[in-house]
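J.: Okay, handing you the structure first.
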Amino acid sequence: MHSNKYILTYIIGLSAIVALLLAMTYSGLKPIHDDNESLFKKRDILSAIRDKLPMDVATCSKEMLFDVFDNKVEQVVIDANGKVVEGKKADDIDMKQEEKKPEAERLYPIYIYTADDGKKYYLVAVRGNGLWDKIWGTIAIEDDFNTIAGVSFDHVTETAGLGAEIKDNPAFKDQFKGKKIFDENGNYVSVAVVKGGVKDPDHQVDAIAGATITSNGVTEMLKKGLAVYVPYFESLKKAKEKG
C-alpha cells in the first residue's frame, strides 16, 4: 500500500502535468481564436456598408476581407470630446471595456472606408441596452457627416423573432439608409425607432412589432452613442467647407 506522502506527491505531479498541457493548448489555440475574433469583428463592421462593397462581406474569404481593411480602411480613435487620439487604432478599442470607464475617459473607434469612387464612409460604434442585456451596432455615416449610409446591429440575448430582429431582419436595418442625424437647422437630433407609423421620414424608422423595449433601446443607443461623434464630424465639416 502506498503511503499518504506518495499519493500526495503523485497527485501534485499529475496536476502539474495537466496544468502544463492545458497552458500549452491555450497558447497554441489563442492565435487561432484571436484571428477568428478579428475576422468576425471586421465582417460585422463592414456589414454596415455591405451594399457599398465590391464583394459579399458575409461570404468573402478572410484574405479578401483583410485586404479591404489594409488598403481601403483608415482607423481613427477619438476621445470623449471628439478629439483624435494619436498613436491608437480603432482595432485597439474594445467598447465593452470602455463602457466600464468614466464617460470622460472613454475612447471611441472610427473606421473610414474609401470606396472606389473616392467617397468616404465613417463607421462608428454605438452600444446600449436592450430588453435582456446589451445591444450594440455600427453606424455608417456618409461624407456629408449627416446621412446614414447603413447600419448593423447585434445583441447578447434579445428574444428571437422580436428584439433579435434588430440583427436578423434586413428590412429593419434598411430603413435607416438615407436618414439624417441633423435637422435642417444643423441641430443634432439622431434617429428614433417609433411605434404607430413614421411621422418624420428624415429622422424616424418603424419599430419592431412586439419589441417595444428593444426598439426604445435602439433609439436611446443611437441618440447617446452618435452624440459622442458629433464634435468630430463638425470639425471635419468645417475643414471641408474651408476647402
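The values are calculated or read from the model by the stated rules, or taken from the named source; none is laboratory data. Keep in mind that this is a model prediction, so the values were computed, not measured. So basically every Cβ, Gly included, is an ideal-geometry build from the backbone, and we count neighbours across all protein chains shown.
J.: Out of Val218, Val193, report the one residue that is assigned to a strand (DSSP E or B), modelled with pLDDT of 95 or more, β-branched (Val, Ile, Thr) and within 19 Å of the chain's Cα centre (by Cα).
T.: Numbers: Val218 fails: assigned to a strand (DSSP E or B).
Going through Val218, Val193 in turn, just one is assigned to a strand (DSSP E or B), modelled with pLDDT of 95 or more, β-branched (Val, Ile, Thr) and within 19 Å of the chain's Cα centre (by Cα): Val193.
J.: Check whether at least one residue in the stretch 223-236 is under 22 Å from Asn169 (Cα atoms) and in contact with a Gly (Cβ under 6 Å, 6 or more places away or on another chain), and report yes or no.
T.: no
J.: Name the single residue that is modelled with the lowest pLDDT among those in the stretch 197-215 being over 15 Å from Phe176 (Cα atoms) and crowded, with 17+ Cβ neighbours inside 10 Å. Lay out the reasoning, then the answer.
T.: So in the stretch 197-215, the residues over 15 Å from Phe176 (Cα atoms) come out as 209-214.
Checking which are crowded, with 17+ Cβ neighbours inside 10 Å leaves us with 211, 214.
Details: Ala211: 94, Thr214: 97.
The qualifying residue modelled with the lowest pLDDT is Ala211.
J.: Any idea which of (1) within 30 Å of Asp174 (Cβ to Cβ); (2) modelled with pLDDT under 75; (3) outside any helix (DSSP H, G or I) is the one Met1 doesn't satisfy?
T.: With (1) within 30 Å of Asp174 (Cβ to Cβ); (2) modelled with pLDDT under 75; (3) outside any helix (DSSP H, G or I) applied to Met1, the lone miss is (1).
J.: Which numbered condition in (1) surrounded by 13 or more Cβ atoms within 10 Å (Cβ to Cβ); (2) in contact with a Lys or Arg (Cβ under 9 Å, 6 or more places away or on another chain); (3) modelled with pLDDT of 90 or more is the only one that Leu39 fails?
T.: Leu39 satisfies every listed condition except (3).
J.: From the residues in the stretch 129-184 that are at pLDDT 95 or above, over 16 Å from Asp51 (Cα atoms) and among the β-branched types (Val, Ile, Thr), which one is surrounded by the fewest Cβ atoms within 10 Å (Cβ to Cβ)?
T.: Looking at residues that are at pLDDT 95 or above, over 16 Å from Asp51 (Cα atoms) and among the β-branched types (Val, Ile, Thr), I get Ile181.
J.: Looking at Ile93, Ile112, which is the one that is free of Cβ contacts under 8 Å to residues at least 60 places away in the same chain, over 17 Å from Val151 (Cβ atoms) and touching a strand residue (DSSP E or B) at 6+ places or on another chain (Cβ under 9 Å)? Outline the logic, then answer.
T.: On the way: Ile112 fails: over 17 Å from Val151 (Cβ atoms).
Among Ile93, Ile112, only Ile93 is free of Cβ contacts under 8 Å to residues at least 60 places away in the same chain, over 17 Å from Val151 (Cβ atoms) and touching a strand residue (DSSP E or B) at 6+ places or on another chain (Cβ under 9 Å).
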